[in-house]
Amino acid sequence: MKSMLPATILVVDDNRGILSAAELLLRAHFRRVVTTHNPERIRALIRDESPDVVLLDMNYHRASFSVICP
């Protein structure tokens, strides 16, 4: 039996299908899986959810990464 990581992961992608698939797959391995397709929410989610891991689509066509790292 696989053990679940006592961690929260934040997944950011503009493709909602990828978000759904990632959530489905990662839910078996992480205590919490938080997803967003909106880059404007990233900083607030990091602040509010305190994720241990952030999986970020680096080809995000709408994202200005200054939103994440000002």
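The values are calculated or read from the model by the stated rules, or taken from the named source; none is laboratory data. Quick caveat: nothing in here was measured; it's all calculated off a predicted structure. Glycine also receives a Cβ, built like all others from the backbone with ideal geometry; neighbour counts cover every protein chain displayed. All accessible areas refer to the heavy atoms of the entire protein, side chains included, with ligands and DNA or RNA removed. Shrake-Rupley method; radii C 1.70, N 1.55, O 1.52, S 1.80 Å.
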When Tyr60 is run through (1) over 10 Å from the mean Cα position of the chain (by Cα); (2) part of a helix (DSSP H, G or I); (3) modelled with pLDDT under 95, the failure sits at (2)
Residue check, Leu10 without any contact (Cβ under 8 Å) to a residue 60 or more places away in the chain and closer than 20 Å to Asn59 by Cβ = yes
Expected output for the range 17-29 (first residue at negative phi, partner in a loop (DSSP other than H, G, I, E, B) and exposed (fewer than 14 other Cβ atoms within 10 Å of the Cβ), Cβ below 8 Å, 6+ apart or cross-chain) is Ala28/Lys2; Ala28/Met4; His29/Lys2; His29/Met4
Ile46 meets each of (1) in a loop (DSSP other than H, G, I, E, B); (2) open to solvent by 50 Å² or more (accessible area, probe 1.4 Å) with one exception, condition (1)
Note on the range 1-43: residues aliphatic (A, V, I, L, M), assigned to a strand (DSSP E or B) and open to solvent by less than 80 Å² (accessible area, probe 1.4 Å) are Ala7, Ile9, Leu10, Val11, Val12, Val33, Val34
Those residues of the range 6-23 which are in contact with a strand residue (DSSP E or B) (Cβ under 9 Å, 6 or more places away or on another chain) and among the hydrophobic types (A, V, I, L, M, F, W, C) amount to Ala7, Ile9, Leu10, Val11, Val12, Ile18, Leu19, Ala22
